[in-house]
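Please treat every number below as a calculation from the coordinates, not as lab data. Being a predicted model, the structure only gives us computed values, none of them experimental. Note: ideal-geometry Cβ built from the backbone for every residue, glycine included; neighbour counts use all protein chains shown.
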Amino acid sequence: MQERVYNFYPGPATLPLTVLEAAREELLNFQSSGMSVLEISHRSKPYEALQDEAAARLKRLLKIGDNYKVLFLQGGASLQFAMVPMNFLALEQTADYLVTGSFAKKAAQEGKYFGKVNVAVDTGQEEFRRIPDQTELKFSPNP
């Protein structure tokens, strides 16, 4: 194997070699089931156990209380730009966005598909190089 490369990009990240080796072993025969984890049903007991354990570990690691659920969703960060206004923005409300970077800009654009959007501040003219002071924020009257 060539020398390991460490990825510091947003999104996928470098994993320890031991984790990758365990994944390689389990990929062909997940928990001695005779099938890959990619092949078993998401409704099967082995998969449900895997998902429950992952959620429990995440809750423990991040100190997430029992009054919250961990959701494993597809789509990555960009999908959340649609899911948040789709689920929380009522028709009579306006969503306030603080556009302080490229992701916030994308989120504000996506929010327009689901309701009214107010850009409370936009630092794009300054190439998103600063966080605005609270006195600069122009919130909507009906957030």
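Structural remarks
- Criterion violated by residue 59 - all others in (1) farther than 28 Å from residue 26 by Cβ; (2) charged (D, E, K, R); (3) within 23 Å of the chain's Cα centre (by Cα); (4) outside any strand (DSSP E or B) satisfied: (1)
- Remark: residue 26 falls outside the filter, which requires a residue to be more than 22 Å from the chain's Cα centre (by Cα), outside any helix (DSSP H, G or I) and farther than 29 Å from residue 136 by Cβ.
- Per the conditions (1) among the hydroxyl-bearing types (Ser, Thr, Tyr); (2) touching a helix residue (DSSP H, G or I) at 6+ places or on another chain (Cβ under 8 Å); (3) over 16 Å from residue 77 (Cβ atoms), the sole criterion not satisfied by residue 97 is (3).
- Qualifying residue in the range 79-99 (condition: assigned to a helix (DSSP H, G or I) and within 30 Å of residue 23 (Cα to Cα)): yes
Residue by residue, here is whether (1) free of Cβ contacts under 8 Å to residues at least 24 places away in the same chain; (2) surrounded by fewer than 18 Cβ atoms within 10 Å (Cβ to Cβ) holds:
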residue	(1), (2)
97	yes, no
100	no, no
108	yes, no
115	no, yes
125	yes, yes
128	no, yes
132	no, yes
139	no, yes
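- Against the test of being within 24 Å of residue 11 (Cα to Cα), among the aliphatic types (A, V, I, L, M) and surrounded by 10 or more Cβ atoms within 10 Å (Cβ to Cβ), the options 28, 61, 50 yield a single qualifying residue, 50.
- Any hit, the range 65-77, residues being over 18 Å from the mean Cα position of the chain (by Cα), more than 30 Å from residue 132 (Cβ to Cβ) and part of a helix (DSSP H, G or I): no
- Residue in the range 119-131 that is in contact with a helix residue (DSSP H, G or I) (Cβ under 6 Å, 6 or more places away or on another chain), of a type outside the set (D, E, K, R) and part of a loop (DSSP other than H, G, I, E, B) present: no
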